[in-house]
1. What is the percent of Cα-Cα separations in the stretch 1-101 that go past 17 Å?
2. Taking amide H positions as placed in the peptide plane 1.01 Å from N, state which residues far from SER65 in sequence (5 or more) or on other chains have amide H under 5 Å from it.
3. Apply the Karplus curve 6.51 cos²θ - 1.76 cosθ + 1.60, θ = phi - 60°, to the phi angles in the stretch 237-248 and return the couplings in whole Hz, x for Gly and Pro.
4. Convert 25 °C to kelvin, take the viscosity as 0.890 mPa s, use the Kirkwood radius over C-alpha pairs of the stretch 60-198 as Rh, and evaluate the Stokes-Einstein diffusion coefficient in µm²/s, rounded to a whole number.
5. Mind listing which trypsin sites (Lys or Arg not before Pro) in the stretch 237-323 are in a DSSP loop and have 15 or fewer other Cβ atoms within 10 Å?
6. With r as the distance between the Cβ atoms of ALA83 and LYS37 and R0 = 45 Å, compute the FRET efficiency 1/(1 + (r/R0)^6) and round to 0.05.
7. If you count, for each residue, the other Cβ atoms within 10 Å and average over each peptide, how do 38-44, 21-27 line up from highest to lowest?
8. What is the spin-label model distance, in nm, from ASP210 to SER160 if the labels are put 7 Å beyond Cα along the C-beta direction?
Amino acid sequence: MKHYPFSALIDQDALKSALLISAVDPAVGGVLIQGQKGTAKSTAARALAALMPEIAVVSGCPYHSHPDDPELMTEELRERYKAGERFDRERVEVPLVEVPLGATEDRVVGSLDMHAALERGEIRFRPGLLAQANRGILYVDEVNLLPDHLVDVLLDAAASGVNRVEREGVSHSHPAQFLLIGTMNPEEGELRPQFLDRFGLCVTVSGVRDPDRRQELVRRRLEYEDSPAQFAAAWAEHERALARHIASAREALHSIELPEETWGKIVEMAAEAEVHGHRAELAIAKAARALAALTEKPRVTSAELAEAARFVLPHRLRTMPLQLGGEIEEQVDQVIRGTLESHESRFNSDGVASGAGAGGAGETADAGDAADEAAQGNGRQGQSGVHELQEEDAQVPGAAAAGSLLFSHLKKKLPSGR
């Protein structure tokens, strides 16, 4: 059965934005999706894989090694490649690997191949789920119910891009570069704060409230269950357009400019939110750059910083990190607006004319346009919309609903429906 199309999901712009940001730059640190059951968490995560560009792999390699890039090969293949050997290749879909709730550590990281040991006396490594997920997506449903040591293993591998195994006479390492997506229902248990901080982005989802949208949601789901192939075909044009948009954003990612003053804003946001460590700053910078690529801008502006911070800061706040909702979102919004307004006020008081330097009139226009777009996007429940922008040389984006910046842009770029 085909997965439910990503483009057919009703609303949930924040959820979809976080996933698309990670699809463009998996180095952002993965996505944690919190929400009650039946809110499309798993559906959206599984649908994302179909939008990712196919990857070139060495034929028969269980780790999906790249045939031409030594940095994306196993150590054995890298040595052979440096010696002049060239490998047969094939193109495959991005792997989507799910970690079952009852998975053992051996199943996740790999283990000794007992068959080879008993039959031939050979010490051989048997790849696990981390190997299968290399260069793909590793999806963990109910991540909060996994044992802590398994969560730690997954997050360590996601951060380092390498899986190292030392056990039973086996010493083995292999690349494990994947996009980690975890879902959880806070009502069934919480994730410890040190694990929360390891996820780059976090989004909280709730059910669609508008009666007309709920009706459309049910209709689409019934159409899909009655004929998955026919339903997928009806959304194929939109899916192809979105996949091309992701591929284009990936190509543009490393050419996106991060102006010098951007770093000051990022650091001030994190300091004002009183987050521990420096993962927040890195995640905001990477997410903002991916957003700029997705919205086809040449550089990061305050609009992208504000949007990125809405995904990066809520689960890192030192007060009530797990009680996400209106109160936390309002607190994050105050941090964002206060930081950007303070920064722009100092910028103007220094006597710097609008348009001077990297953060001049260009950013003012971009930020204002983005905020206007956000105001026209679909509002989410519990959000206050976009505050009126101040009439200053450098305008600061208001409290837009998370996800509205990107989807205001996409609604202009992509097919409108079936």
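Throughout, read-outs are computed from the coordinates displayed, never taken from laboratory work. Predicted model, so just to flag it, every value in this text is computed and none were measured. Glycine gets a Cβ as well: all are built from the backbone with ideal geometry, and neighbour counts include every protein chain shown.
1. So the portion of pairs separated by more than 17 Å is 62 percent.
2. For SER65, the qualifying residues are VAL58.
3. 4, 5, 5, 5, 5, 5, 4, 5, 5, 5, 4, 5
4. Working: Rh = 16.2 Å.
My calculation gives 151 µm²/s for D.
5. Details: sites: ARG240, ARG244, ARG250, LYS265, ARG279, LYS286, ARG289, ARG299, ARG310, ARG316, ARG318; in loops: ARG318.
Sparse-neighbourhood loop trypsin sites (Lys or Arg not before Pro): ARG318.
6. On the way: r = 53 Å, r/R0 = 1.18.
Calculated value: 0.25.
7. Values: 38-44: 19.7, 21-27: 24.4.
The most tightly packed comes first, giving 21-27, 38-44.
8. Output for this residue pair reads 4.7 nm.
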